[in-house]
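The values are calculated or read from the model by the stated rules, or taken from the named source; none is laboratory data. Owing to the predicted nature of the structure, the values given are computational and were not obtained by experimental measurement. Heads up, the Cβs are rebuilt from the backbone with ideal geometry, glycines too, and the neighbour counts pull from every protein chain shown. The protein model used for the area step is the full one, side chains on, heavy atoms only, and it has no ligands, DNA or RNA in it. Shrake-Rupley method; radii C 1.70, N 1.55, O 1.52, S 1.80 Å.
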Amino acid sequence: MNLQDSSHPDNPESTGMTLDETGDPALPESRIAASRQPLPLVAKERMGTATGVPRQAAKHAVKTADMDSPENAPILPGVDLVSLPLVGRLVDRILRWRAFQFILILPNQILFWLVLITGLIGGTLLPPGHVTTAVHFGATSIFPAATGSAGGATPGLFGSALADTWQKLNFSTVITWWIWWSLVWVLMATVGRGWCMICPFGGFAEWVQRRSLWKRRHRNIGLNLRWPRQLIRLGILPAAAAFVILTFIEEYYNISASADPFTTGLLVLVIIGLALAMHLVFERRTFCTYLCPLTAVFAPLGATGAVAGFRARDPAQCLDCPTKDCMRGGERGYECPWYEWPGSSTSNAMCGLCSECYKACPYGNVGLYAQAPLTSVITPGRRRVDIAAAAVIVSGVVVFFTVNATLTYTKVDLWLNSMTSFPHYPNPLDYIGIIAGVFLAFSSMVTLVKWAAGGRRQERRADTLVPGGGDNDNTAHGRSSEQAGGQGTDTQAPGNRSWMRTWFTPLAYGIIPLVTADLIANRIPTFLFYSPRIIQSISDPFGRHWNLFGTARLAIAKKQLAHFTFGGHSTTALDIQLAVVGLGILASSWSIYRIFGKELASLSSRPALGRAAAVSTVLIFGTLMAWAYVAIRGLAT
């Protein structure tokens, strides 16, 4: 690892450039030639080249914005980690190191290839002492079934009956469903898109697409097609649909609950295959940006995180940049895989933290910023309707996770299955019905808040749901934020926005902390009960009663953390769930309170009543969430 050839971004020599007679960096011929290459549509719309507004006028608007106006105030992203004393130079050298992201992805890459091996191969190995019978899918025998003395057979994707004790010791099961599927939401809530930075799925596909593990190459393989403009305008809504569909498939085939190693490995293989195919057909990380199911969760709920992402130190300088290396790619860095332009980025929603823009910028004008938690919830600069809608859709899925554990849901689901001749849980009618019901309930809440606030009548216009794939809802109409006079979210401008943008979107952002808390709380019992099994599965990855490293028979490996002592008091999973939900209630109440005052009070004739109604609604929804966990715990006992 050689970090000595990089220096601080304030030094032009660190970018391989010379200074001209004015003291400004002089671009080499290769950079000048690159500046003549066309930009992607998304980049054009976000940089202010989609219409005929002069660049200097846009730059002037950024510099002369009224600092006291919430519409015009520039977004101060927080603390630039590269500028910190003592550690700043080290952070700079690490971020400029081309192998930086490869080193981060590699451990996860190894981990998930082990999941494939232990799941697909280990899932076909029968544990000792089990009796084999044929299992048929349709008319074809495709997979054996194993039944042991432990009993507890559970059907998986192919109808295989696998002993519960065998399934839940397999490495693929333990690491995927008991640990990763729980901790990834905590990482999201604290770091934002931290998982995207180390994701093995997109990382592997990107290595293949670039023909390199980390070295900068100037030609990729594949078709390099652009995501259709019509789909760009939908933003992350296709990803939200993919999340809903994937969740239904997982629930229908009982992949997580049955802990079937084979189907777990198969699911991982399908995701990797889809990511690879998309990378070979489309340019950059199109799959990660628009279609990955986790994007539908990370983009909205990651707003609670304290990492703001990579942003321009001086957005005005970005407007005059002759090469736009951060979007076209430069000598040291690739173009942004996520179509993010640091010059207009105002939230952490779509920054994958890959550091390519930091490496590529020839002026050292990009920094890695930390921010106070909830900053991207309360003051994101520009709000996106697709992200707001995705937040409510994800909340519907999380509510389904909670409701499906109740006896009432079981009775309704069985009745619908008998009426529709659907094979088994979950019936698609009640599954989609719950998600749609949550969306309708939230929309009704928004209408109620607007009525209580005496919201002024808004002009309706035909809006697309999302800007051109970027972090700016002006660009859906061919206008960038800079062209709009440096304004932030135009949901605040009275008289020119629809109900969806003016009321629904900011209030949907306000419930993000509560939805995030509910998602984390939902996974707490599973994590506490089953995560210690990782100690055993390390020595027995195939569930074959091995003891490779001497950890398989440790007492702690078989312990379930249903009760433990914390601070001298006996603590249960329910206690932690209620504490997490309570924290979410407080965070959402504060967020709604702040958002209403900043963006909706000026649109209300009764702002105090409207704000009280909005906060009260969050308290009611949060209390219902907490009650649901208590009720489920009562059923379990």
According to a simple spin-label model (label point 7 Å from Cα along Cα-to-Cβ), what is the distance in nm between residue 606 and residue 415?
3.8
Exposure rank, largest accessible area first [574, 187, 548, 86; 1.4 Å]:
86, 548, 187, 574
Just the Kirkwood number for region 208-297, please: inverse of mean 1/r across all distinct Cα pairs, in Å, one decimal.
14.6
Using a Förster distance of 25 Å, how high is the FRET efficiency between residue 211 and residue 94, based on the Cβ-Cβ distance and rounded to 0.05?
0.55
With label points set 7 Å from each Cα along the Cα-to-Cβ direction at residue 554 and residue 439, the distance between them in nm comes to 4.6
At 25 °C in a medium of viscosity 0.890 mPa s, region 233-367 has a Stokes-Einstein diffusion coefficient, with Rh taken as the Kirkwood radius over alpha carbon pairs, in µm² per second, of 148
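Which order do the peptides 603-611, 174-182 come out in when sorted by mean C-beta neighbours inside 10 angstrom, highest first?
Working: 603-611: 17.6, 174-182: 21.1.
In descending order of packing, they fall as 174-182, 603-611.
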Residue 455's amide H: which non-local residues (gap 5+, or another chain) put their own amide H closer than 5 Å, with H modeled 1.01 Å from N in plane and none for Pro or chain starts?
605
Built amide H within the under 5 Å cut-off of residue 309, gap 5+:
369
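What Kirkwood Rh does region 578-637 have if only Cα atoms enter the pairwise 1/r average? Answer in Å. Before the final figure, lay out the partial values.
Values: mean 1/r = 0.0791 Å⁻¹.
After inverting the pairwise mean of 1/r, the radius is 12.6 Å.
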Segment residue 314-residue 405, length gained on full extension (0.36 nm per residue, minus Cα span)
27.6 nm
Roughly what would the spin-label model give for residue 84 and residue 424, points 7 Å off Cα along C-beta, in nm?
5.1
Going residue by residue through region 280-289, the Karplus relation 6.51 cos²θ - 1.76 cosθ + 1.60 with θ = phi - 60° gives ³J(HN,Hα) values, rounded to whole Hz and with x marking Gly or Pro, of 7, 9, 10, 7, 6, 9, 4, 4, 5, 6
As a test of reading the structure, rank 97, 214 by solvent-accessible area (1.4 Å probe, protein chains only), most first.
214, 97
Computed ³J(HN,Hα) along region 257-266: with the Karplus parameters 6.51/-1.76/1.60, θ = phi - 60°, integer Hz and x for glycine or proline, the list is 5, 6, 6, 6, x, 5, 5, 5, x, 5
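Can you give the alpha-carbon Rg of region 378-437 over 2.2 N^0.38 Å, where N counts its residues? Before the final figure, lay out the partial values.
Numbers: Rg = 15.2 Å, N = 60, 2.2 N^0.38 = 10.4 Å.
Relative to the 2.2 N^0.38 Å estimate, region 378-437 comes out at 1.46.
Once the piece of chain linking residue 448 and residue 545 is laid out straight, how much longer is it, given 0.36 nm per residue of separation minus the C-alpha distance between them? Could you put the intermediate results ahead of the total?
Details: separation 97, 0.36 × 97 = 34.92 nm, distance 5.92 nm.
Taking residue 448 through residue 545 to full extension adds about 29.0 nm, to one decimal.
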Set the Förster radius R0 to 22 Å, insert the Cβ-Cβ distance between residue 579 and residue 619 as r into 1/(1 + (r/R0)^6), and round the FRET efficiency to 0.05.
0.85
